[in-house]
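The values are calculated or read from the model by the stated rules, or taken from the named source; none is laboratory data. Treat the numbers as computed from the prediction; the structure is a model and nothing was measured. Cβ placement follows ideal geometry from the backbone for every residue including glycine, while neighbour counts extend to all protein chains displayed. Areas reflect the complete protein model, heavy atoms only, side chains present, ligands, DNA and RNA absent. Shrake-Rupley method; radii C 1.70, N 1.55, O 1.52, S 1.80 Å.
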Amino acid sequence: MMSSLKQPVVHFHGSDAFRPQSSVPSRRFSVLPPLPALNTRRSSSVVSLSKPLFVSKVESFSPLGTLKRSSSTGDAGDNDHVPQKRDLVICKAYEADKSTPIDDSQARSEAARRVKIGVYFATWWALNVIFNIYNKKVLNAYPFPWLTSTLSLAAGSLIMLISWALRIAETPKTDLDFWKALFPVAVAHTIGHVAATVSMSKVAVSFTHIIKSGEPAFSVLVSRFLLGETFPVPVYLSLIPIIGGCALAAVTELNFNMVGFMGAMISNLAFVFRNIFSKRGMKGKSVSGMNYYACLSMMSLLILTPFAIAVEGPQVWALGWQKAVSEIGPQLIW
């Protein structure tokens, strides 16, 4: 049932719903007893509405109630049919300009969801800062970005394998099609990860991430010229301060290094293609976000390991390790 009250302010009484609309007498004939007399005092509850209301749900609409025959045996008298209980009329209403009924629990769950997402963002940002600081410390003492990138992926993969073995995280259900769709995503992820680490080994962490903050510009430009997607004008205008800020940081950087600059730029481009491949190839794959990233890290580790050995190699790593231990000491491993 749906009704709409369109007056700016409407006052009606609960007793008005049962008031006869016509004074024409009608003949009464019913086998049921009359309803109890309704309280027709004008001081009954009043509903004042400043907006139209819609009735969205009506439950147990039984004004006559449930009738129960008397259990006594004998003459059929006035107690043959005794009203035992009357069901209540339960209505749910919502404002005319709203799409769902008014529900406090739904609002609370939405607020809790937003807080949860905010906590995720804050935790990700804090851990990202810690990762970058320690990564830079390692690269200063042991300047081998290819090996450092490989060890980062290996550590993440090992943590997830242990989590799956101990049932801390649910083991993902994958098939061959999943890994085929994941391969181009893993290639782009590997390039972006190594390029960012190479950049941090050559320039300051702040400079690398200033350049990497231009990733939205790369995403819009690649989507526009390669995928044919168009965006509103404000989106293109918002890229002006991003590109301008990156250019200003590059020009004024005292320790500017072209390898570091190009590494950050390549990382931006690679991560854009990673996102594009992920959206196109991973649709309909029932793998959670954490497990998806774990599988991505494992495949990237397999892709990166032979290239790291070819570019730097175990002999170079051994010499660099001996030099780092002689200069810094055993605390290098921490």
**Request:** Multiply the residue separation of Arg114 and Thr252 by 0.36 nm, subtract the distance between their alpha-carbon atoms, and state the gained length in nm to one decimal.
**Result:** 45.8 nm
**Item:** By accessible area with a 1.4 Å probe, ligands and nucleic acids excluded, highest first: order of Trp179, Trp164, Trp125
**Value:** Trp125, Trp179, Trp164
**Asked** Summing +1 for each Lys or Arg and -1 for each Asp or Glu, what net charge is found among the other residues whose Cβ lies under 15 Å from the Cβ of Val205?
**Response** +3
**Message:** Using the Cα centre of the range 226-334 as origin and beta-carbon charges of +1 (Lys, Arg) and -1 (Asp, Glu), tell me which of Ser267, Ser297, Ser278 is placed farthest towards the positive end of the dipole.
**Reply:** Ser278
**Item:** Exposure of Thr174 as accessible area (Å², to 10), given a probe of 1.4 Å and all protein chains
**Value:** 60 Å²
